Amino acid sequence: MNRRHFLTTLGAAGLASCSKKPVDANAPLRFGHFPNITHIQGLVAHALSRQGKGWFEPRLGVPVEWFVYNAGPSATEAIFARSLDVTYIGPSPVLNAYAKSKGSEVRVLAGAATGGSALVVRPDSGINTPADFRGKRIATPQLGNTQDVQLRAWLLDNGIKVTATGGEASVLPTQNPDQLALFIKRDIDAVWTVEPWVSRLEMEAGGKIFLEDKSAFATILASSAAFITERTELAKKLIAAHQELTEWIQKNPAEARELIKSELKELTTKAPGDELLDRALSRVVLATEVNRAGLDEMVISAQKAGFLKDIPSLDALLPKL
């Protein structure tokens, strides 16, 4: 039976004790994703599971249990706790988890999507140049997530010093639904986030895109290292099924769009409007190849932002299956 679970970092960490028994070949695949347009494959597959038409289930031969997170650090905590096998996720939390475990945990299986993220400013914020961010309050989805790292590195590149708790600009990790309310109330001046929240900030709060990230990885498919070693054949099937799903979405955009819409309604209680959905989808490009250069660039950004000091070679992060 497919189930949806909303886990917090604390809840995932609480599951840290785990049996070392051999893995049951028929055990469910515990699969994560976020309620974001940049997680198109996760939204479509979860919707199909919900309808009893699962995409991964018949191709893998095991049940799928779905877990939904707000941002990457919560998902990597679940991987560390061995309560999650695989997830769609941004690259920064994966790199942080890889470094934290000295390369022993978390693996990248495939790419999923690029683009779909942007830095959005309030029209009355007085922000017209990078220097205008000095003294401003900028929200990101979660401390250490991909957009959080990108924002901090970008501010530093533009001569604005930021720290975990302050600096010349305030970076405020805030869940995506809360960002919109704070933006409308003028409690924050800008947001670096992903779709559909970028388009919602534009359409519902008059936000203006200051900077759009069109080429960087927004989403990759990652797993625990244990999943690769303990269920190697299943991992191979998963990669193939993910690639097939990506191709199906590209060839069947109208049907995929309806599945995305229905799943977002399930996860957020409100279906996105057609204009919002079309705008958000237009900014996301599906891509299953893993761009090593893009990961290397993210490492540099994370080091600038102070999230990474030493990190092992990325060779083990990208297993050849």
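Taking packing as the residue-averaged number of other Cβ atoms within 10 angstrom, the listed peptides 292-300, 83-91 run from highest to lowest as 83-91, 292-300. When you restrict to C-alpha pairs under 8 Å that are six or more residues apart and normalise by the size of the chain, the relative contact order lands at 27 percent.
Separation of the alpha carbons by more than 20 angstrom is noted, of 136/161; 237/320; 100/237; 136/208, for 100/237. A 1.4 Å probe over all protein chains sorts 236, 309, 161 by accessible area into 309, 161, 236, starting with the largest.
Candidates 268, 141, 64 compared by Cα position along the dipole of the chain: farthest toward the positive end lies 64, with charges placed on Cβ. Modelled spin-label separation between residue 204 and residue 186, with each label point placed 7 Å from Cα along the Cα-to-Cβ direction: 2.1 nm.
Take residue 108: with every protein chain present and a 1.4 Å probe, its accessible area is about 10 Å².
With K and R counted +1 and D and E -1, the other residues having a Cβ less than 13 Å from that of residue 170 yield a net charge of +1. Here the peptides 194-203, 165-174 are ranked by packing, the mean other Cβ count within 10 Å, and the order with the highest first is 194-203, 165-174.
Which value, in debye to the nearest 20, gives the size of the charge dipole of the chain about its Cα centre, when Lys and Arg are +1 and Asp and Glu are -1 at the Cβ? Before the final figure, lay out the partial values.
Working: 37 positive and 35 negative charges, 111 e Å.
Taking the Cα centre of the chain as origin, the dipole is about 540 debye.
Just the accessible area per residue of the chain, please: how many Å² with a 1.4 Å probe? Numbers along the way, then the final one.
Details: 13730 Å² over 321 residues.
Using a 1.4 Å probe on heavy atoms only, each residue of the chain averages 43 Å².
For segment 60-204, what is the convex hull volume of the alpha-carbon atoms per residue, in Å³? Spell out each step's value before the answer.
Values: hull volume 19.6 nm³, N = 145.
Spread over its residues, the Cα hull of segment 60-204 gives 135 Å³ apiece.
Ligands, DNA and RNA left out, the accessible area of the chain computed with a 1.4 Å probe is 51% carbon and sulfur. Gyration tensor over the Cα atoms of the chain: the corresponding equivalent ellipsoid has semi-axes (square roots of 5 times the eigenvalues, largest first) of 31, 23, 17 Å. Springs between alpha-carbon atoms under 10 Å, Gaussian network over the chain: tell me which of 254, 81, 190 tops the mean-square fluctuations. With Cα springs under 10 Å in the chain, the top fluctuation among 254, 81, 190 is at 254.
Working out 0.36 nm times the residue gap between residue 156 and residue 143, then minus their Cα-Cα distance, what length gain in nm do you get to one decimal? Show your work: numbers first, answer last.
Details: separation 13, 0.36 × 13 = 4.68 nm, distance 1.63 nm.
Once the chain is fully extended between residue 156 and residue 143, it gains 3.0 nm.
Amide H contacts for residue 32 (H built 1.01 Å from N in the peptide plane; partners 5 or more residues away or on another chain; cut-off under 5 Å): 67, 86, 87, 88.
In this simple spin-label approximation, residue 315 and residue 244 carry label points 7 Å from Cα along the Cα→Cβ vector, and these lie 3.3 nm apart.
Ranking 268, 140 by solvent-accessible area of protein heavy atoms (1.4 Å probe, all protein chains present), from largest to smallest, gives 268, 140.
If you run the Gaussian network model on the chain, springs between alpha carbon atoms under 10 Å, then out of 291, 96, 70 the most flexible one is 291.
Considering only DSSP beta bridges with both partners in the chain, what is the antiparallel share in %, to the nearest 5? Each step should come with its number before you reach the end.
On the way: 24 of 40 bridges.
Around 60 percent of the beta bridges assigned by DSSP in the chain are antiparallel ones.
Can you grab the distance from the C-alpha centre of segment 164-197 to the C-alpha centre of segment 85-106, Å, no decimals? Using only Cα atoms, the two centres lie 25 Å from each other.
Placing pseudo-labels 7 Å out from each Cα toward the beta carbon at residue 289 and residue 105 gives an inter-label distance of 3.2 nm. Computed from the C-beta positions of residue 300 and residue 170 and an R0 of 22 Å, the FRET efficiency is 0.40 to the nearest 0.05.
Heavy-atom accessible area for residue 211, with the other protein chains in place and a 1.4 Å probe, reaches approximately 60 Å².
The values are calculated or read from the model by the stated rules, or taken from the named source; none is laboratory data. Here the structure is a predicted model, which is why all the values come from computation and not from measurement. Note that each Cβ is placed from the backbone with ideal geometry, even for glycine, and that neighbours are counted across all protein chains shown. The protein model used for the area step is the full one, side chains on, heavy atoms only, and it has no ligands, DNA or RNA in it. Shrake-Rupley method; radii C 1.70, N 1.55, O 1.52, S 1.80 Å.
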